[in-house]
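Written below as structure tokens is the structure these notes are about.
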Amino acid sequence: QLIESGGGLVQAGDSLTLSCAVSGRTFNSYALGWFRQDPGQEREFVAAISYGGGTIHYADSVKGRFTISRDNAKNMGYLQMNNLKPEDTALYYCAHYSYTIALPTTEPTAWGQGTQVTVSS
């Protein structure tokens, strides 16, 4: 089970940190990712981090602004989002993989329910 939290309504330029609590899965052994989806659009990759945190991938649209991290001792994943833009508005999903390292094209095997992020201009 994956449960996201931390979404909300913010203004452009603000920051938010999303959290993902993972239970019932072998959290430490596999990669963790974040995706987002705007209504009427396909879900898109945002970021992924390997099981040990040594390999990280970001979508070009968030590089330099978002930071993915994980705390294996707490079974938690995080997405720090800085300098938010209106185009970052979406439902953000936490995702867990069955691989130790995930590429932007790797398909996750488990999803959370999502947390809404809305950025006003």
* Over the chain, what relative contact order in percent results from Cα pairs under 8 Å that are six or more residues apart? -> 37
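Compute the relative contact order of segment 1-50 as a whole-number percentage, counting only Cα pairs closer than 8 Å that sit 6 or more residues apart in sequence.
Values: 51 pairs, mean separation 14.4, N = 50.
The normalised contact order for segment 1-50 reaches 29 percent.
Roughly speaking, to the nearest percent, how much of the chain's 1.4 Å accessible area is carbon and sulfur?
Values: 2800 of 5980 Å².
Here it works out to 47 percent.
D for the chain, whole µm²/s, Stokes-Einstein with Kirkwood Rh over alpha-carbon pairs at 10 °C and 1.306 mPa s: what number?
On the way: Rh = 14.0 Å.
Estimated via Stokes-Einstein, D reaches 113 µm²/s.
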* Asked: Ordered by residue, what ³J(HN,Hα) values in Hz, to whole numbers, does segment 33-47 give under the Karplus form 6.51 cos²θ - 1.76 cosθ + 1.60, where θ = phi - 60° and Gly and Pro are x?
  -> x, 10, 10, 9, 8, 9, x, x, 10, 6, 5, 10, 5, 10, 6
* Asked: Which of these, E42, E107, E87, has the largest mean-square fluctuation under a Gaussian network model of the chain (Cα springs below 10 Å)?
  -> E42
* Asked: What are the ³J(HN,Hα) values, in whole Hz, obtained from phi via the Karplus relation 6.51 cos²θ - 1.76 cosθ + 1.60 with θ = phi - 60°, for each residue of segment 4-16 in sequence order, with x given for Gly and Pro?
  -> 8, 8, x, x, x, 9, 9, 9, 4, x, 6, 10, 9
* Convex hull volume of segment 8-52 per residue (C-alpha atoms, cubic angstrom) -> 127
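To the nearest 20 debye, what is the magnitude of the charge dipole of segment 44-121 about its Cα centre, counting +1 on the Cβ of each Lys and Arg and -1 on the Cβ of each Asp and Glu? Can you show the working numbers first?
Numbers: 5 positive and 6 negative charges, 46 e Å.
So the dipole magnitude of segment 44-121 works out to roughly 220 debye.
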* **Accessible area (Å², per residue) of the chain, counting only protein heavy atoms and a probe of 1.4 Å** => 49
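The values are calculated or read from the model by the stated rules, or taken from the named source; none is laboratory data. Note that the coordinates shown come from a computational prediction; the quantities given were computed from them, not determined experimentally. Ideal geometry is used to build each Cβ from the backbone, glycine not excepted, and the neighbour counts take in all protein chains shown. What goes into the accessible areas is simple: the full protein's heavy atoms, side chains included, and nothing from ligands, DNA or RNA. Shrake-Rupley method; radii C 1.70, N 1.55, O 1.52, S 1.80 Å.
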